[in-house]
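What follows is a set of notes on a single structure, which appears directly below.
The values are calculated or read from the model by the stated rules, or taken from the named source; none is laboratory data. Only a predicted model underlies this, so the values are computations on that prediction, with no experimental measurement involved. Note that each Cβ is placed from the backbone with ideal geometry, even for glycine, and that neighbours are counted across all protein chains shown.
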Amino acid sequence: MNEITKEILAGIKSSSSNLLRGLDKLESSQWELPSKCHKWAIKDVASHMVAIDGFYHNSIMRSLQGDFEPITGIPSPNEIEVKVLSDGIAARAVQLSETMLKTKENTLNILSDMESQINTTWQNIAPDQWDYQTYHPLGTISLELMLGTKLIENALHMWDIFSILDTEYSIPEDLALLIMKIWTQRDIGERIYTADFDREFSVGIDLRTESNTHFNMEVSGPTLIMSESIPFKSSVPDVIIHASFSTFVLLLTARSNLHDELSSGTVKAEGRTKELLRFHNWFRGI
């Protein structure tokens with residue numbers, strides 16, 4: 001197990017505790033509030049977390065037995081349309097919160113059990129098993145990369161819930177940095193793309209923060225490749241963005257608006273800012 005995997009495991013454990021503790025503090029009236037996740041109330045986000053924990057656990061156990069094919073009735077990754085998949089996930093969460101998970105207490109009891117089960121399962125994976133392949137709707141990935149997607153789910157959906165109740169809430173910088181590092185992995189980087197975007201468009205962007213870790217993004221047509229920046233590299237990027245990791249994660253997942261962040265001063269930019277705005281449209285799929 002490498003160091004980043006250890007960090008991700010620790011991040012999942014802490015975010016899981018914070019998620020359950022935060023949900024437990026909600027009043028019944030807050031359970032019904034709309035979240036920042038499109039189409040979902042807070043209760044629907046919680047139901048979704050139950051569903052994905054079940055999916056992750058099932059996929060992991062099947063992977064450890066050498067089975068990474070889709071479950072019966074689920075199409076293979078190359079047959080799935082992203083919008084159809086997204087709409088199906090959204091509808092399933094609402095269905096769960098209106099049937100099996102009607103009350104906050106019941107949802108939290110089940111989610112607590114599921115989080116405990118999945119966290120124990122992650123911890124019991126042997127060092128030589130992290131490369132095992134497993135099924136994911138967008139493609140066959142390693143257990144190590146699936147671990148990363150679980151951290152992303154935790155961090156983003158916690159923001160979807162708790163930023164509604166506290167306007168100062170943000171994704172912790174240590175988790176946001178881990179998400180950035182996960183996105184640099186080739187297997188996930190290949191899935192950050194916008195199919196219908198101008199194939200002639202290309203731009204190089206550096207993300208610089210107050211830390212010593214910076215990132216570079218290269219957009220070429222429909223594809224985005226992200227990597228940790230090399231200090232004192234000779235090439236000059238088209239645009240330099242100054243922002244926190246947490247702010248940039250929200251931008252790249254279309255949970256925040258670049259125009260608003262530039263206007264407020266939360267994000268600062270140097271260079272070909274027109275290209276930066278086109279990049280903003282790129283990851284929003286406009």
**OP:** Could you tell me whether any residue of the stretch 238-247 is modelled with pLDDT under 90, buried (at least 19 other Cβ atoms within 10 Å of the Cβ) and not acidic (Asp, Glu)?
**Re:** no
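Each row is one residue, and each column tells you yes or no for (1) outside any helix (DSSP H, G or I); (2) buried (at least 18 other Cβ atoms within 10 Å of the Cβ); (3) under 21 Å from the mean Cα position of the chain (by Cα); (4) outside the structural domain of Ala41 (by TED's automatic domain parsing).
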site: Asn109; (1), (2), (3), (4): no, no, no, no
site: Ile118; (1), (2), (3), (4): no, yes, yes, no
site: Thr121; (1), (2), (3), (4): no, no, yes, no
site: Asp131; (1), (2), (3), (4): yes, no, yes, no
site: Leu138; (1), (2), (3), (4): yes, no, yes, no
site: Gly148; (1), (2), (3), (4): no, yes, yes, no
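Please state which one of Leu33, Leu85 is assigned by TED's automatic domain parsing to the domain that holds Gly148, aliphatic (A, V, I, L, M) and closer than 24 Å to Ser163 by Cβ.
Going through Leu33, Leu85 in turn, the sole match is Leu33.
Just wondering, is there one or more residues in the stretch 103-111 that are in contact with a Phe, Trp or Tyr (Cβ under 6 Å, 6 or more places away or on another chain), in contact (Cβ under 8 Å) with a residue 60 or more places away in the chain and among the basic types (Lys, Arg)? Before the answer, list the steps.
As a first pass, look at the stretch 103-111 and keep what is in contact with a Phe, Trp or Tyr (Cβ under 6 Å, 6 or more places away or on another chain): 104.
Add one more test, that the residue is in contact (Cβ under 8 Å) with a residue 60 or more places away in the chain, and what stays is 104.
If we keep only those that are among the basic types (Lys, Arg) as well, we get 104.
Yes, the stretch 103-111 has at least one match.
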Original post:
Which pairs have Cβ atoms under 9 Å, sit 6 or more apart or on different chains, and link a residue in the stretch 250-268 that is among the small types (Gly, Ala, Ser) and at pLDDT below 90 to one that is in a helix (DSSP H, G or I) and surrounded by fewer than 18 Cβ atoms within 10 Å (Cβ to Cβ)?
Top reply: Ala254/Arg284
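For the stretch 10-44, which positions are in a helix (DSSP H, G or I) and either touching a strand residue (DSSP E or B) at 6+ places or on another chain (Cβ under 6 Å) or of a type in the set (Ser, Thr, Tyr) (or both)? Working first, answer last.
First, the residues of the stretch 10-44 that are in a helix (DSSP H, G or I): 10-24, 28-31, 42-44.
Of everything in the stretch 10-44, those that are in a helix (DSSP H, G or I) and either touching a strand residue (DSSP E or B) at 6+ places or on another chain (Cβ under 6 Å) or of a type in the set (Ser, Thr, Tyr) (or both) turn out to be Ser14, Ser15, Ser16, Ser17, Ser28, Ser29.
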Subject >> Among the candidates Asp24, Asp53, residue that is surrounded by 14 or more Cβ atoms within 10 Å (Cβ to Cβ) and of a type in the set (Asp, Glu) >> reply: Asp53
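Can you find a residue that is part of a helix (DSSP H, G or I), in contact with a Pro (Cβ under 6 Å, 6 or more places away or on another chain) and at pLDDT below 95 anywhere in the stretch 58-76? Walk me through it before giving the result.
We begin by selecting, within the stretch 58-76, every residue part of a helix (DSSP H, G or I); these are 58-64.
Then keep just the ones that are in contact with a Pro (Cβ under 6 Å, 6 or more places away or on another chain); that gives none.
No: zero hits.
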Original post:
What is the residue count in the stretch 120-150 for residues that are of a type in the set (Val, Ile, Thr) and under 13 Å from Glu69 (Cβ atoms)?
Top reply: 2
Original post:
When the stretch 166-217 is examined, which residues are found to be surrounded by 16 or more Cβ atoms within 10 Å (Cβ to Cβ), at pLDDT below 85 and polar (S, T, N, Q)?
Top reply: Gln185, Thr194
Original post:
Can you pull out the residues in the stretch 249-278 that are in a strand (DSSP E or B) and either touching a Gly at 6+ places or on another chain (Cβ under 6 Å) or loosely packed, with under 15 Cβ neighbours inside 10 Å (or both)?
Top reply: Lys268, Glu270
**OP:** Please tell me if Glu105 is in a helix (DSSP H, G or I) and either outside the structural domain of Tyr56 (by TED's automatic domain parsing) or surrounded by 15 or more Cβ atoms within 10 Å (Cβ to Cβ) (or both).
**Re:** no
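Take the conditions in the same structural domain as Thr140 (by TED's automatic domain parsing), in a helix (DSSP H, G or I), under 24 Å from Ala126 (Cα atoms) and of a type in the set (S, T, N, Q) and apply them to Ser47. Does it pass?
Working: in the same structural domain as Thr140 (by TED's automatic domain parsing): yes; in a helix (DSSP H, G or I): yes; under 24 Å from Ala126 (Cα atoms): no; of a type in the set (S, T, N, Q): yes.
No; evaluated as a whole, the condition is false for this residue.
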